[in-house]
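Trainee: There's a structure below that I have some questions on.
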Amino acid sequence: MNGTMSNRQLILAGALCAFTLARLSAMDIPPQYDTGGFALGCQAYTFNHYTAFEAIDKTVEAGGKMIEFYPSQKLSADRPDAKLDHNMSDADLAALQAKLAKAGIIAVNYGVVGARGEAEWRKIFDFAKKLNLYGITTESVDQLDIIEPLVKEYDIRVGIHEHGRRENDANYKVWDPKYVLSVVKDRDSRIGACADTGHWVTSGLDPLASIKLLKGRVISCHLKDKDVVGEKGHCVPFGTGVGKVGEILDELKAQGFTGNISIEYEYNWTSSGPDVKRCVEFVRDHGAKQ
């Protein structure tokens, strides 16, 4: 606890935040969180050397208006044993909601996350509903028969994420947007891709072509720019690398994309704030030109 709010105040603030957000559809991202025509913020993994509370602060400092959480990040400095995930206590969840409300941003997505079966997936969806998330991100394509009914029940979207191609693992297929499309195309329309443009570049794919391939099925986006194509590349501020970020933004807008864009900056881990801010500014400035 930072000393400025009691446990009771945190719980009440969290409850107020939850009540306010509950009036919104789980599938809507409020327009006041728009940046350059998109719902833009950070994937908390960008700040994985810090706590979730610190990731919220750093997102705000960079100009982001929303955040995507990932499982198992430490919650806060004053809760050293607490982790942010779908198993967190009601008190910790209330503290998280209060922190978001105080910071003036919203949580919008959660992942990459998996589960052992239907019971745990239901717990994940319950957690997402409590935070009024737009979506959940996973790579568990083998469990879509479990996930799809929950998508319909909870009215929460699911995006299939992809890491880079694994040369020695033929069973890892989600790196390929063609494969992702093949497993989601006949599913509920709220199931699609979490387009990680940086991992596509790592795999040697054209990120713009991949976005076009998935037209109508892009649920969310982990947006990255990289200095070179391939495994040796690293993240750079938007517009300074080979990631075609401006063209991707134009294509997403042309597709009518309404999901969240999370900046996932995987470089300069302890000092990436200025670079992340440049990424936010690029999206804002690019949108202003349209």
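Trainee: Being on the phi > 0 side of the Ramachandran plot and open to solvent by 20 Å² or more (accessible area, probe 1.4 Å) narrows it down to one residue among 126, 145, 155; which is it? Outline the logic, then answer.
Mentor: Values: 126 fails: on the phi > 0 side of the Ramachandran plot; 145 fails: on the phi > 0 side of the Ramachandran plot.
The conditions single out 155.
Trainee: If you check residue 207 against the conditions, is it buried (at least 22 other Cβ atoms within 10 Å of the Cβ), under 22 Å from residue 251 (Cβ atoms), out of contact with any strand residue (DSSP E or B) (no Cβ under 7 Å at 6 or more places or on another chain) and at pLDDT 95 or above? Explain how you work it out, then say what you get.
Mentor: Values: buried (at least 22 other Cβ atoms within 10 Å of the Cβ): yes; under 22 Å from residue 251 (Cβ atoms): yes; out of contact with any strand residue (DSSP E or B) (no Cβ under 7 Å at 6 or more places or on another chain): yes; at pLDDT 95 or above: yes.
For residue 207, the condition - buried (at least 22 other Cβ atoms within 10 Å of the Cβ), under 22 Å from residue 251 (Cβ atoms), out of contact with any strand residue (DSSP E or B) (no Cβ under 7 Å at 6 or more places or on another chain) and at pLDDT 95 or above - is met.
Trainee: Hey, does region 171-179 have a residue that's among the basic types (Lys, Arg), outside any loop (DSSP other than H, G, I, E, B) and exposed (fewer than 14 other Cβ atoms within 10 Å of the Cβ)? It would help to see each step written out before you state the result.
Mentor: Our first condition is that a residue be among the basic types (Lys, Arg); within region 171-179, this holds for 173, 178.
Then keep just the ones that are outside any loop (DSSP other than H, G, I, E, B); that gives 178.
Those left that are additionally exposed (fewer than 14 other Cβ atoms within 10 Å of the Cβ): 178.
Yes, region 171-179 has at least one match.
Trainee: Which count do you get for residues in region 213-233 that are under 20 Å from the mean Cα position of the chain (by Cα) and either small (Gly, Ala, Ser) or open to solvent by 50 Å² or more (accessible area, probe 1.4 Å) (or both)?
Mentor: Selection size over region 213-233: 3.
For (1) over 21 Å from residue 59 (Cβ atoms); (2) free of Cβ contacts under 8 Å to residues at least 40 places away in the same chain, each residue gets a yes or a no:
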position: 195; (1), (2): no, yes
position: 212; (1), (2): yes, yes
position: 224; (1), (2): no, no
position: 275; (1), (2): no, no
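Trainee: Going by the conditions given, is residue 192 among the small types (Gly, Ala, Ser) and not in a helix (DSSP H, G or I)? Before the answer, list the steps.
Mentor: Values: among the small types (Gly, Ala, Ser): yes; not in a helix (DSSP H, G or I): yes.
Taking the combined requirement at face value, the residue satisfies it.
Trainee: Let me ask another. Go through region 139-158 residue by residue and tally those that are touching a Phe, Trp or Tyr at 6+ places or on another chain (Cβ under 9 Å) and either part of a strand (DSSP E or B) or not acidic (Asp, Glu) (or both).
Mentor: Matching residues across region 139-158 total 10.
Trainee: Hey, could you check region 81-119 for residues that are of a type in the set (A, V, I, L, M, F, W, C), part of a strand (DSSP E or B) and more than 19 Å from residue 147 (Cα to Cα) and say which is nearest to the chain's Cα centre (by Cα)? Talk me through it step by step, then tell me what you get.
Mentor: Of all residues in region 81-119, those of a type in the set (A, V, I, L, M, F, W, C) come to 82, 84, 88, 91, 93-96, 98, 100-101, 103, 105-108, 112-113, 115, 119.
Retained after the next criterion (residues that are part of a strand (DSSP E or B)): 82, 84, 106-108.
So of that shortlist, the ones also more than 19 Å from residue 147 (Cα to Cα) come out as 82, 84, 106-107.
Details: 82: 21, 84: 14, 106: 12, 107: 9 Å.
It comes out as 107.
The values are calculated or read from the model by the stated rules, or taken from the named source; none is laboratory data. Computed from a prediction, not measured in an experiment: that's the story for all the values here. Reconstructed Cβ throughout: ideal geometry from the backbone, glycine too, with neighbour counts over all protein chains shown. These area figures cover heavy atoms from the full protein model, side chains too; ligands, DNA and RNA do not enter into them. Shrake-Rupley method; radii C 1.70, N 1.55, O 1.52, S 1.80 Å.
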